[in-house]
Amino acid sequence: MRYVAPSTLEEASAFLVDANGNGRVLAGGTDLLVQLRAGMANPDTIVDVKHIDELMTIKEEADGIRIGAAVCGQAMGEHAGLNNTWPGLVEATELIGSTQVQGRASAGGNLCNASPAADSVPAMIAAGAMISVYGPDGHRELAVENFATAPGKTNLKEGELITSIKLPKPAEHSGDAYLRMTPRTEMDIAIVGLGVALTLDSEGTVTAARVGLGAVAPTAMLVKEAGDALVGSKLDDEALERAAEACRKACNPINDKRGTIEYRTKIAGVLLKRVAKIAAERAGS
Amino acid sequence: MAKNHVTTTINGEPVEFLCETHETMLDVLRNDLGLTGSKEGCGSGDCGACSVMVDGRLACACLMLGAEAEGRSIETIEGMAAGEELHPLQKNFVKEAALQCGICTPGVLVAAKALLERNPDPTETEVRYWLAGNLCRCTGYDKIIRAVMDTAAEMRAN
Ligand SMILES: Cc1cc2nc3c(=O)[nH]c(=O)nc-3n(C[C@H](O)[C@H](O)[C@H](O)COP(=O)(O)OP(=O)(O)OC[C@H]3O[C@@H](n4cnc5c(N)ncnc54)[C@H](O)[C@@H]3O)c2cc1C
Ligand code: FES
Ligand code: FES
């Protein structure tokens, strides 16, 4: 096993291509090192991407904020612009592991590990985030909800890596939020994770809403019907219940000792209501 | 396979070492450099006994490759005391018996020092959340939290 630390995207991609399917990108290593040590991964080449500037910076652009794929959760939490515009996404990212894990774990790694319960993913879906990918065929972009294809599987092709995640600039009176349900309060994996991003008009009526739902299906997903159910309402009980029902309908969870199918499904609806209210409070202030 | 040749800084001193790619930073510290203060409790990022600072951020040395240390600055528990003079956190851990077997202690101290550098006046809740990734099988945490709170107060006063 060899370790390489390229400083450009071109070199990183070339190392992955050379490794012929046996190369792995290393960002914070909080998933990859666990897999290496458990013998679940045995790559020929480890490509450390933390020396590529583009992957390590958060950049404010005219139409949004671009987060380098390997920026750690703690650095996202320290970024004022990101906290002001997408506090829900910051909260979701900060839920990943302990302080020690926060000093290393990245949003790019959370996406590529493709756990159905990855905490930052539903929040990114709600935010309408776009993923920038670089590979042998150059650059391409795709929506976060189209990235994971199955647990542990993504739509990255050989030689490709994520370079950054772009968050749009929110419209005025917008807010986002994320909550997860875990059996323990810290250091646990979500049995449901739910993010909402919405926009209000001057009367407090919802004009746009997106709902991202995780841990209740093989991949995190956009629940379009839930967002649609909120639009046109002032988050009255009836609209919230319709959106909650859409979330419950979207559930196709596993059954395990941490959460039964019935429980996970019910909680998806409960979280929708709570998270929508927090997002609306933020949008109104 | 050729070993990785790594040039790094550990506790302010320049250090060079050779390591295999699969060796973690914790393996290198303990087995190659004789810095056995950092402990391996789990090897999977769950217990925090291996906590070190990497370029000013807290990290689990068990979840970092030794090769990644190239060009970085690493701080371990061995760098915490100034010679014979213990750090205020270390003094208070001794004074208030905030340790029993001591396996978790180096990691707790490194993590607590990182907290007090960012936030000299943390609430008890903030201390508990910050240290949530440092598991202790012995003390029941109360004495640890109290020693950190007392040290914070003492350091603010001085
Ligand atoms: C103690 C502990 C607690 C945890 N708690 C949580 C939690 O509460 N919630 C949660 O969601 N996760 C949790 N995790 C999992 C993990 O920390 C996250 O998934 C994290 O975001 C992974 O990021 P990383 O940068 O460390 O990824 P890495 O381990 O570096 O990489 C993860 C995977 O993605 C690939 N990869 C990384 N970056 C790229 C890129 N730019 N392009 C292409 N491929 C890439 C790697 O090859 C690897 O397969 C926890 C892990 C630990 C050890
Ligand atoms: S040994 Fe590193 S976290 Fe337990
Ligand atoms: S003192 Fe024994 S684990 Fe903490």
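Distance between the C-alpha centres of the stretch B:1-55 and the stretch A:186-225: 40 Å, rounded to the whole angstrom.
In order along the stretch A:204-209, phi translates into HN-Hα couplings of x, 7, 6, 9, 7, 8 Hz, rounded to whole numbers, per the Karplus curve 6.51 cos²θ - 1.76 cosθ + 1.60 with θ = phi - 60° and x for Gly and Pro.
Amide H to amide H, with H built 1.01 Å from N, A:VAL25 comes under 5 Å of A:VAL47, counting only residues 5 or more places away or on other chains.
What is the angle, in °, between the Cα long axis of helix A:9-18 and the longest principal axis of the Cα atoms in chain A? Nearest 10 is fine, range 0 to 90. Tilt of helix A:9-18: around 70 degrees. Values of log10 I(q)/I(0) for the protein assembly as shown across q = 0.06, 0.08, 0.09, 0.11 Å⁻¹ run -0.27, -0.48, -0.60, -0.89, by the Debye formula with one identical scatterer at each alpha carbon and no solvent. Computed over chain A with a Gaussian network model linking Cα atoms closer than 10 Å, the most mobile of A:LYS224, A:LYS157, A:LYS50 is A:LYS157.
In this model, which of A:LYS50/B:LYS143; A:LYS50/B:LYS3; A:LYS169/B:LYS113; A:LYS234/A:LYS266; A:LYS50/A:LYS249; A:LYS169/A:LYS273 are farther than 29 Å apart at the alpha-carbon? With Cα atoms farther than 29 Å apart: A:LYS50/B:LYS143; A:LYS169/B:LYS113; A:LYS50/A:LYS249.
For A:TYR3, the residues whose modelled amide H falls within less than 5 Å of its own, excluding neighbours fewer than 5 places apart on the same chain, are A:ILE46. Classify the stretch B:1-81 as rounded, prolate or oblate from the Cα gyration tensor: take a ≥ b ≥ c as the square roots of its eigenvalues, call it rounded if a/c is under 1.5, otherwise prolate when a/b beats b/c and oblate if not. Oblate shape, in that a/c is at least 1.5 and b/c is the bigger or equal ratio.
Counting other Cβ atoms within 10 Å as a rough exposure proxy, the listed residues B:TRP130, A:TRP86 run B:TRP130, A:TRP86 from fewest neighbours to most. For A:SER164, nonlocal amide neighbours, meaning residues 5 or more places apart or on other chains whose placed amide H falls under 5 Å from its own, are A:ALA69, A:SER132. The value of relative contact order for the stretch B:49-158, using C-alpha pairs under 8 Å at least six residues apart, is 30 percent.
For the peptide A:70-78, the mean number of other protein chain Cβ atoms found within 10 angstrom of a residue's Cβ is 1. Largest GNM mean-square fluctuation across B:THR105, B:THR123, B:THR24, computed for chain B with C-alpha springs under 10 Å, falls on B:THR123. Compute the orientation-averaged projected area for the stretch A:14-103 from the convex hull of its Cα atoms and round it to one decimal in nm². Directional mean of the projected Cα hull area for the stretch A:14-103 stands at 7.0 nm². As a proxy for reagent exposure, A:GLU91, A:GLU241 were ordered by neighbouring Cβ count within 10 angstrom, fewest first; the result is A:GLU241, A:GLU91.
Working from Cα pairs under 8 Å separated by at least six residues, relative contact order for the stretch A:114-256 is 25 percent. Helices that extend 24 Å or more along their long axis by alpha-carbon positions and average at least -0.5 on the Kyte-Doolittle scale are absent among the DSSP H runs of chain B. Of B:GLY12, B:GLY79, B:GLY41, the residue with the greatest mean-square motion in the GNM of chain B, using alpha carbon springs below 10 Å, is B:GLY12.
Inter-chain Cβ neighbour count for B:40-48, averaged per residue, equals 4 (cutoff 10 Å, partner chain atoms only). For B:SER44, B:SER51, the sequence from fewest to most other C-beta atoms within 10 Å is B:SER44, B:SER51. Shielding of peptide B:14-25 by partners, expressed as the average count of other chain Cβ atoms within 10 Å per residue Cβ, is 2. Protection proxy ranking of B:147-154, A:52-59, by the mean of other Cβ atoms within 10 Å over each peptide's residues and highest first, is B:147-154, A:52-59. Would the stretch A:43-178 count as rounded, prolate or oblate if I go by the C-alpha gyration tensor, calling it rounded below 1.5 in a/c and otherwise prolate when a/b exceeds b/c, oblate otherwise? Rounded. For chain A, the longest principal axis of the C-alpha atoms and the axis of helix A:237-250 are separated by about 40°. Contact order for the stretch B:1-82, expressed relative to its length and based on alpha carbon pairs under 8 Å spaced 6+ residues apart, stands at 37 percent. Each peptide in A:95-104, B:53-62, B:134-143 receives the mean, over its residues, of other Cβ atoms within 10 Å, and ordering these scores from highest gives A:95-104, B:53-62, B:134-143. Other residues within the sphere of radius under 15 Å centred on the Cβ of A:PRO87, judged by their own Cβ, net out at -3 (K and R +1, D and E -1). Please report how far the C-alpha centroid of the stretch A:1-32 lies from that of the stretch A:54-123, rounded to the nearest whole angstrom. A separation of 21 Å, based on Cα centres.
The numbers here are math on the coordinates, done by the rules we state, and not lab data. Worth saying up front: this structure is predicted, and the values here are computed from it rather than measured. So basically every Cβ, Gly included, is an ideal-geometry build from the backbone, and we count neighbours across all protein chains shown.
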